[in-house]
Amino acid sequence: MRRGLIARSLVELPDAVFDARLDRVRTAMQAAEFDALVIYTNNTRPAGVSWLTGFVPYWSEAVLVVPCECGPYLVAALSFRVKPWIERVSRLADVLHTPRIGLKAAQQIAAMQADAAVGVVDFDGLPAGIADDLREGGPKLALHDASVLFAMLRAVADPAEVALASRAADIGRRALFAAEGETLNEMIASAESKARALGAEEIYIAAAPDLERDTRFRRIEGEATLGKTFALRATVAYKGAWIRLVRSVCEAAIAREAAARFAQAVALLPSDRGFAGFCSWLVEGCRMTQPLDPLIGSRLGQGHPPLPGAVVSVQAALAVDSQTVLLGAPALIGQPGAASSLIADPLYD
């Protein structure tokens, strides 16, 4: 369940942004001969529906139906009392309420066309109960996997998405810079408080308390002893845009050297050439419904290389003077022949 404020900004996300995205989706649907598109959402998989409508669930689940000929509507497993709030924060033609969202969605589609061709985004990840209800509610509907279609539409960020990622990065960077206190828990609390004061919908802080012993990030429960060098990672959501940032607390000269090498490696993305000699690295971004999917990295094999114009979050571990440093920041993948660029500075001094 989310704890931050979810509110729509007509300045940051005007109707024209959603209309343009919807036009792109419908053009792709027509080419694929889909009569409707279905996208599932819950609090861990908000990215597809929020991109098209601005709706981000605090809890529970919903299905977005995008018909080819009329406005998109949301079928939500939330009570009717939240309908005004959903309408206030979203760009939707209608909101329907029912505990069996797959059944209701299929019935609505079938009422318009019993044998409609329906594209389902992230079909393999759809909960089994929702899939069964889709089939029950529309026995003659032809369900197709629309994952590739939607992933291609989401691959390139529009200006509004870049601006939101930049705002999320600024919130995360200021939050990590504000991480102060005598204990790790105090640092995490101060970082979270700062992020929420700046308008973050959500922030998750993970830590590697002692980089000399273990470079893996983990959620901190109870007290943890800080080593000479340690790292904090912030995962920040703002208006549906998610990014990750990593700050290592170490000697200033080592941090500067690591940041310079990190920026040089990012500039060569989506090529992995810049990360030669790094201990590990990972690029994440939104493909369909999860806001941060692993795309490419040192442990991913072939992966899903981001396209030019994609917004991604990059994390890396490297050794400088035998000291391990962890860094991370969002980046914009450059157009062919142009360098990719960091959206946030990984230095905090």
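The values are calculated or read from the model by the stated rules, or taken from the named source; none is laboratory data. The model shown is predicted, which means the values in this text are computed figures rather than measured ones. Cβ atoms come from the backbone with ideal geometry, glycine included; neighbour counts cover every protein chain shown.
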Those helices (runs of 4 or more DSSP H) completely within segment 1-106 that have 1 or more residues that are free of Cβ contacts under 8 Å to residues at least 12 places away in the same chain and among the hydroxyl-bearing types (Ser, Thr, Tyr) are 15-32
(1) out of contact with any helix residue (DSSP H, G or I) (no Cβ under 8 Å at 6 or more places or on another chain); (2) at negative phi; (3) not β-branched (Val, Ile, Thr) all hold for residue 60 apart from (2)
Only one of 100, 88 is surrounded by fewer than 19 Cβ atoms within 10 Å (Cβ to Cβ), more than 23 Å from residue 292 (Cα to Cα) and within 23 Å of the chain's Cα centre (by Cα), namely 88
Only one of 180, 223, 212, 257 is part of a helix (DSSP H, G or I), over 30 Å from residue 159 (Cα atoms) and not polar (S, T, N, Q), namely 257
Picked from segment 273-300 (must be free of Cβ contacts under 8 Å to residues at least 24 places away in the same chain and charged (D, E, K, R)), the residue surrounded by the most Cβ atoms within 10 Å (Cβ to Cβ) is 293
Of the listed residues (147, 190), the one being in contact with an Asp or Glu (Cβ under 6 Å, 6 or more places away or on another chain), modelled with pLDDT of 95 or more, surrounded by 14 or more Cβ atoms within 10 Å (Cβ to Cβ) and assigned by TED's automatic domain parsing to the domain that holds residue 285 is 190
Scanning segment 194-240 for residues that are within 26 Å of residue 46 (Cβ to Cβ) and acidic (Asp, Glu), the one modelled with the lowest pLDDT turns out to be 221
- Message: Condition (residue is closer than 24 Å to residue 41 by Cβ and without any contact (Cβ under 8 Å) to a residue 40 or more places away in the chain) applied to segment 146-158: is it met by at least one residue?
- Response: yes
So, first residue on the phi > 0 side of the Ramachandran plot in segment 192-219, second residue hydrophobic (A, V, I, L, M, F, W, C) and surrounded by fewer than 20 Cβ atoms within 10 Å (Cβ to Cβ), Cβ within less than 7 Å, six or more apart or across chains; the pairs are 199/5
